[in-house]
There are 2 protein chains.
Amino acid sequence: MLEMPTTVLTIAGSDSSGGAGIQADLKTFAALDCYGCSAVTALTAQNTLGVQGVHPTPPAFLEQQIQSIFEDLDVHAIKTGMLYDTENTRAVVRTLRTFMKPDPDNPVRQSIPLVCDPVCVSTSGHTLLDPTAVSVLIEELFPISTLITPNKSEAELLLRHRELPADIRNLDDMLVASKNLLIFGSKGVLLKGGHLITTTSEVTQFSTAHPDITVISQGMLDENMEILKVGALPEPTELVADVLSISSGSTILFVRPRIDSNSTHGTGCTLSAALTCELAKGQSLEEATRLASIFTYSSISTAQSIGRGHGPLNHLHGISRRCVSLPTKSNPYPLTHYLIRSNAKAWKDYVEHAFVRQLGEGTLPQGYFVHFIKQDYFYLKYYARAYALLAAKSTTFSGIQDATKSVLSILHETGMHKQFCAQYGVSEEELESTPEDAATTAYGAYLIDVGLQGDTTKLLMSLLSCLLGYGEVGLWLKKEAEREGSLIRIEGNPYKKWIEDYSGKDFQAAVKFGLDAIETRAVDDPPSSKRLEEWRVVWEKCTLFEKGFWDNAMGRD
Amino acid sequence: MLEMPTTVLTIAGSDSSGGAGIQADLKTFAALDCYGCSAVTALTAQNTLGVQGVHPTPPAFLEQQIQSIFEDLDVHAIKTGMLYDTENTRAVVRTLRTFMKPDPDNPVRQSIPLVCDPVCVSTSGHTLLDPTAVSVLIEELFPISTLITPNKSEAELLLRHRELPADIRNLDDMLVASKNLLIFGSKGVLLKGGHLITTTSEVTQFSTAHPDITVISQGMLDENMEILKVGALPEPTELVADVLSISSGSTILFVRPRIDSNSTHGTGCTLSAALTCELAKGQSLEEATRLASIFTYSSISTAQSIGRGHGPLNHLHGISRRCVSLPTKSNPYPLTHYLIRSNAKAWKDYVEHAFVRQLGEGTLPQGYFVHFIKQDYFYLKYYARAYALLAAKSTTFSGIQDATKSVLSILHETGMHKQFCAQYGVSEEELESTPEDAATTAYGAYLIDVGLQGDTTKLLMSLLSCLLGYGEVGLWLKKEAEREGSLIRIEGNPYKKWIEDYSGKDFQAAVKFGLDAIETRAVDDPPSSKRLEEWRVVWEKCTLFEKGFWDNAMGRD
C-alpha cells in the first residue's frame, strides 16, 4: 500500500531565509515526494536582500556528514550546490568517490546519478570559488557527474578556464558552449539561459538552422489556443531558453516565457534539486529536464512576494492536502472512520437506537416491529433501484456485476420481510397495500436523487449508512449478548432471526465488501476537501434518515 | 487566488540524515503548507543508528542567522529545538528578546507564538545540556514561550532543577508535573508521555477521578465502530497519553494507541514543528495540540522503514500531488491548457479541419455545408438535452439557472440552422425528415451517457469540446482573415454569417463562461490524477467526434 520513498541527498550551503541552499532542496524534495537528507557545506546568514555572513563547515566535518548518510541510507541520487572552497570541494569529491563506487552487492549504489550545480559565480558576477576550487570542480567532480547545470556566467568561467571560446550572447553561442562543456566529462550539460534574453523569432531561426535539435516549449499558449489568450497577459516577447547537450549526441532546446518576477531567489537550487528527484525516480536526462524545468517555472510563476528583496519560489505549488488519511494496519478504514467520527452523535443515535435495544432485549412491541418490516420492505425497492442505477452508471463489467449482485441480494432480502410478515399474520396482500410512510419516501427518493446528481462514489456513499449501520447493529447486539450482565440476548429472543441475519456471515461479508469499495476509491481517487464534505453531508443525511426510520416505526416522529 | 504563506522559523540543529532537527521541521512546515526558515544551532553528522559527530555553530553566527531572518521576513511563529550549549541558548534568548518585542507598527510581531522543545536529555537518558544551560532555558527562554513540550526525562530534569517532586510514573504524576512546570512562566506545558505506558483502564480511572479534565482520544476505533475492528489489528492494550496544562487553568489529556514502530527518530521535533504551524495559523493551544498530535501520530503510523536503526517519520503522509497547475496571470486556464496540450493533434485536426479552411476561404461546396447544418441541427437536440440533464443534476439555483440558459441559447441557435436551410432551399419538412447520421447519434448519445455516468463536472467536460472548439474556430478564422496573404476572408464569403456568429461577442462570452466554469471547479475541487485522466478521456473522445462530424459532412468517413 505504502511505497518506499526515493531517497535523495543534497550537498550544499544552508540559507537561513529558507529560499535557497539545502532549504530549497529539501522543500523541492518534499514537493516531489522524495525523502531528503543533506550535508551542509557552509552556514549562511542571509535573507532576500543579500548574504550577511558565511560560516564554512570544516572539511572533515563535511565529509563526516556524507559518511553518516551513506553508511546507513540507500541514496538514489545526489546533487551538489555551493561547495564554498577548495578544501570542501576536495572533501566532497573524496567522499563521493568512496561511496559512488559501483557495488555489485547493492544495486542501488551501482550508478547513483549526480547533478552538479557548479555554483561559482554570484548573480552579480562575483566569483565565489577560487581558481583552485574551479580546477577541482572541473577535473574531479564533473567527470563523475551525470549532469552539470551552469548558468551563463558559470559556463563562461568554466570555458575560459580551458581557454575555450567563452562569450555567450545568443542561442548559437549557447549551443556551442553546451557542447564544449561536455569535454569536462559529465554525461550531460544543461546550460541555463536565464541571464540571456531570446525571442520567438530567434528561436524560430535557430530551429530552422538546426533541424536536428528538438525544441520543447513550456508554459506557452501556442497554436490553436486563441480562446485561452483572451483573458491572459499579452503573449511574451521575451523568452528564456535552456540548452541540454548529452554526450551521446542529442541536444534539446527548452523554451519558456520570461517571467517578470522578483521571486527568483534559489532558482538554480530548485532546478537542480528537481532534476535530482526525477533522475532518482529513473527518468531519462531529457524527461528529467523537462519535468524539472516546468516544476521550477511554476514555482516562480505562482510565488507570492516574501521579504523585501528577491524572494523565494513557491516550492509547494504542486501539492495539496490529502483529506483522508492513508490506511494503516491499526486503522484500515480511515474514510469510514472519519465519516463515523464526524457525525458521531447521529451515528450513535442510529446504531444504539431504542428500537435496537428493545429488539435486542426482546421487549420491542410487536406492532413496532411489524410497522418497521413493512416500511423497510418499501425502502428496499428504492434501495434495489439505487443499486440498479449504480449498475447503469458503472463503466466496467466488474462494476456492473457488483452492483447487480447487490440488487439480487436485496431482492432476496425481501423474502425475509415476507416471512416476518407471514409470521406476524400479515398477508402479502396487506403488505403490498400498506401506505408508504413519508419517512420511507424521503429516504428512498433521496438515494435516487443522489444517484442522479453525482458520480458512482457519491451514490455508494448514500447506500453506505444503511449497509454499515445494520452491520454495526448486528455485531453490537451479538457482542452485547455475550457481555455478562447485559439485557441483550439472542437465545429466546423473538427477534433472534433478525439479529442472526444481520450479524451473520453473509451480511457481514457484504459490509466488508462495501467498506473495501469506498476505502479503495478514497485511496485511488483521493477526494478534495470539497468532495469529502459532499460525501460527509450525504452520509450524515442518510444516518439521520436511518434514525428517523426507527423513530417512525416507534410512532415517535 | 494565491494566499500569502504563513512563515515559521525553527532554531535547532541540523540532522544530516533528514529525520530530525531543522530537516524534520522544514518537512513538517512544507507538509502543513507553511513557509519555513531556519537558524542552525549546530551541525550533526548522524543517521538512524546514532550521532557520529557534532559541530556547534559559534553563538555570534547563530545570532546573525536569526537577525537576517527577522530583519526581512514576517515570522508568524517560532520553535526552538536543540540549542546545544549555554552560549547558544543565551544567544537565542538575546536575539529573540529583541525581535519578539511587541511592535505597534507591525501587528504580526505583536506577539509571536514561541514553542520551546526543551531538548536537554537524549532518548538514552544522557544529559545534552549542561546545568548552566538548563538554568538559562528555565529562567530566560520559558518565560517568553507560549508552550514548552518536555518529555518525561526532560520534565523530571527541569523539576529537579527547582527541587520539585520529579518522579513521573503514571497519569497522576503527569498531571502534577505539567501543572508544576507552569511555574517557569510559559503559557502552556505539553508533557509528552511517549516514554510512559498507560492503559485504557488507567485512563478511565483517571478520567473518573478528574471529571474536570477533558480526555481526547485520537486514532482509536472506539464505540460504535465494531465494523471497523474486523479487519484491523487487535485493540491496543498500551496507550500513550500527553497532558496539556494551560496557565489559564484548563487541562486536557490526549490519548492515542502506542504504535509498535521503529520509525520514531525526530518525533519530538515533528510534534513541536507541527504545533508551531498551527499556532502560526491562529489555532488555540488546545486545537493546535490536537492537530499536531494527530499529524505526528499519522507520520509514525504511515512511515516505511528507512535506514537500519530508528528511522524517520513519514512527514509527507498528508499531502498529495496537485495534478492541475494553479492559474497564473500568464496562464489563467491551466486545466484547458492541459486538455488541449495532451490531445494537441486531435484538437488541431478538429479546429483546423479542411471543412473549416474551405469554409473560411469561401470554397466549401454548398452540399457539404448543408449536410453539416442538417446534422448539427440534430446534434443540438442532444446538446440541449445534455444541458437540461446538467440542470437536473445541479443542486444550486445558480447551477440550474446557468444550465437552463444554455438550453435556451441552444434552442435559439437552431433558428440559425433553419435560416441557413431556408437560404439553401431546404424546407423545414425536409430538414426534420433527414435521417440522422450514425456520427451524429454516436456523439449526441455519448453526451447523455456521460451525463448518466458521472457528476456535473464530467458532464461539463463532455460539453466543452464543442463549445471551445467552435469558439477557437471563430477566433482563428477572424485572425486569419486579418493576416496579410491569407486566403481566409470574411467579406464576400458565402459563409460570412456563420463565421460572424461564432467569432461574435455572444458566442465568445459563452466560451469564456464555459472556460471559467471548469477552471473554477479545478481550483475549488482539485482532481486526483485518476479523475483528471477521466476528464481527459472524455475531452479527447469529444474532440475526435467533432473532427469526425466534419469528416462526415465532407463524405470522408
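Go through (1) in contact with a Phe, Trp or Tyr (Cβ under 9 Å, 6 or more places away or on another chain); (2) in a helix (DSSP H, G or I) one by one and return the number of the condition B:ALA391 breaks.
Tallying (1) in contact with a Phe, Trp or Tyr (Cβ under 9 Å, 6 or more places away or on another chain); (2) in a helix (DSSP H, G or I), B:ALA391 fails exactly one: (1).
Inside region B:65-101, can you point out the residues that are in contact with a strand residue (DSSP E or B) (Cβ under 8 Å, 6 or more places away or on another chain) and not in a loop (DSSP other than H, G, I, E, B)?
B:GLN65, B:ILE66, B:GLN67, B:SER68, B:ILE69, B:ALA77, B:ILE78, B:LYS79, B:THR80, B:ASN88, B:VAL92, B:LEU96
Within 30 Å of the chain's Cα centre (by Cα), over 18 Å from B:ILE340 (Cα atoms), acidic (Asp, Glu) and at pLDDT below 95: does that describe B:ASP524?
So B:ASP524 passes the test.
Go through the residues of region A:400-407 one by one and say whether even a single one is touching a helix residue (DSSP H, G or I) at 6+ places or on another chain (Cβ under 9 Å), within 14 Å of chain B (Cβ to nearest Cβ) and surrounded by fewer than 17 Cβ atoms within 10 Å (Cβ to Cβ).
yes
Do the conditions hold for A:ALA344, that is, is it more than 19 Å from A:VAL537 (Cβ to Cβ) and among the small types (Gly, Ala, Ser)?
Spelling it out, it is not the case that A:ALA344 is more than 19 Å from A:VAL537 (Cβ to Cβ) and among the small types (Gly, Ala, Ser).
For region A:396-452, name all the residues that are among the basic types (Lys, Arg) and in contact (Cβ under 8 Å) with a residue 12 or more places away in the chain.
A:LYS418
Restricting to region B:466-506, what's the tally of residues that are within 12 Å of another protein chain (Cβ to nearest Cβ) and among the hydroxyl-bearing types (Ser, Thr, Tyr)?
The qualifying residues number 3.
Looking at (1) closer than 30 Å to A:SER135 by Cα; (2) in a loop (DSSP other than H, G, I, E, B); (3) among the charged types (D, E, K, R), which is the only condition A:LYS179 fails?
Of everything listed in (1) closer than 30 Å to A:SER135 by Cα; (2) in a loop (DSSP other than H, G, I, E, B); (3) among the charged types (D, E, K, R), A:LYS179 misses just condition (2).
Counting only residues that are β-branched (Val, Ile, Thr) and surrounded by fewer than 24 Cβ atoms within 10 Å (Cβ to Cβ), which one in region A:1-43 is farthest from A:THR328 (Cα to Cα)?
Residue satisfying both the conditions and the ranking: A:THR7.
Hey, among the residues in region A:307-348 that are at the interface with chain B (Cβ under 8 Å from one of its Cβ atoms), polar (S, T, N, Q) and not in a loop (DSSP other than H, G, I, E, B), which one's farthest from A:ASN262 (Cα to Cα)?
A:THR336
Of all residues in region B:514-527, which are crowded, with 23+ Cβ neighbours inside 10 Å and either within 26 Å of B:THR441 (Cβ to Cβ) or among the small types (Gly, Ala, Ser) (or both)?
Residue satisfying the conditions is B:ALA522 alone.
Quick one: which of A:THR149, A:THR204, A:THR132 is more than 20 Å from A:ASP85 (Cα to Cα) and either of a type in the set (Val, Ile, Thr) or without any contact (Cβ under 8 Å) to a residue 12 or more places away in the chain (or both)?
So the residue among A:THR149, A:THR204, A:THR132 that is more than 20 Å from A:ASP85 (Cα to Cα) and either of a type in the set (Val, Ile, Thr) or without any contact (Cβ under 8 Å) to a residue 12 or more places away in the chain (or both) is A:THR204.
Evaluate the following for B:THR434: is it more than 24 Å from B:LEU467 (Cα to Cα), surrounded by 14 or more Cβ atoms within 10 Å (Cβ to Cβ), touching a Phe, Trp or Tyr at 6+ places or on another chain (Cβ under 9 Å) and of a type outside the set (D, E, K, R)?
The answer is yes for B:THR434.
Residues B:ILE499, B:ILE488: which one is of a type in the set (Val, Ile, Thr), assigned to a loop (DSSP other than H, G, I, E, B) and under 18 Å from B:PHE369 (Cα atoms)?
Only one candidate qualifies: B:ILE488.
How many of the residues in region A:1-32 are more than 19 Å from the chain's Cα centre (by Cα), outside any loop (DSSP other than H, G, I, E, B) and within 14 Å of A:ASP117 (Cβ to Cβ)?
9
Testing A:ASP455 on (1) more than 10 Å from chain B (Cβ to nearest Cβ); (2) surrounded by 19 or more Cβ atoms within 10 Å (Cβ to Cβ), one condition comes back false. Which one is that?
A:ASP455 satisfies every listed condition except (1).
Go through region B:183-285 and tell me which helices (runs of 4 or more DSSP H), entirely inside it, have 3 or more residues that are more than 12 Å from chain A (Cβ to nearest Cβ).
It comes to B:200-209, B:267-280.
Can you name the residue in region B:286-306 that is at the interface with chain A (Cβ under 10 Å from one of its Cβ atoms) and among the β-branched types (Val, Ile, Thr) and is also surrounded by the fewest Cβ atoms within 10 Å (Cβ to Cβ) among such residues?
Within region B:286-306, the match that is surrounded by the fewest Cβ atoms within 10 Å (Cβ to Cβ) is B:ILE294.
Taking region A:57-80 as the search range and keeping residues that are small (Gly, Ala, Ser) and touching a residue at least 12 places away in the same chain (Cβ under 8 Å), which one is farthest from the other protein chains (Cβ to nearest Cβ)?
The extreme case among them is A:ALA77.
Taking the condition of being more than 18 Å from A:ILE319 (Cα to Cα) and either more than 9 Å from chain A (Cβ to nearest Cβ) or touching a residue at least 40 places away in the same chain (Cβ under 8 Å) (or both), how many residues in region B:507-549 meet it?
Residues meeting the conditions: 25.
Within region B:1-56, can you find the residues that are free of Cβ contacts under 8 Å to residues at least 12 places away in the same chain and more than 7 Å from chain A (Cβ to nearest Cβ)?
Scanning region B:1-56 gives B:GLU3, B:VAL51.
Checking the structure you have, find out if any residue of region B:457-472 is in contact with a helix residue (DSSP H, G or I) (Cβ under 9 Å, 6 or more places away or on another chain) and outside any helix (DSSP H, G or I).
Scanning region B:457-472 turns up no residue that is in contact with a helix residue (DSSP H, G or I) (Cβ under 9 Å, 6 or more places away or on another chain) and outside any helix (DSSP H, G or I).
The values are calculated or read from the model by the stated rules, or taken from the named source; none is laboratory data. No experiment lies behind these values; they were computed from the predicted model shown. Every residue, glycine as well, gets a Cβ built from its backbone with ideal geometry; the counts of neighbours run over all protein chains shown.
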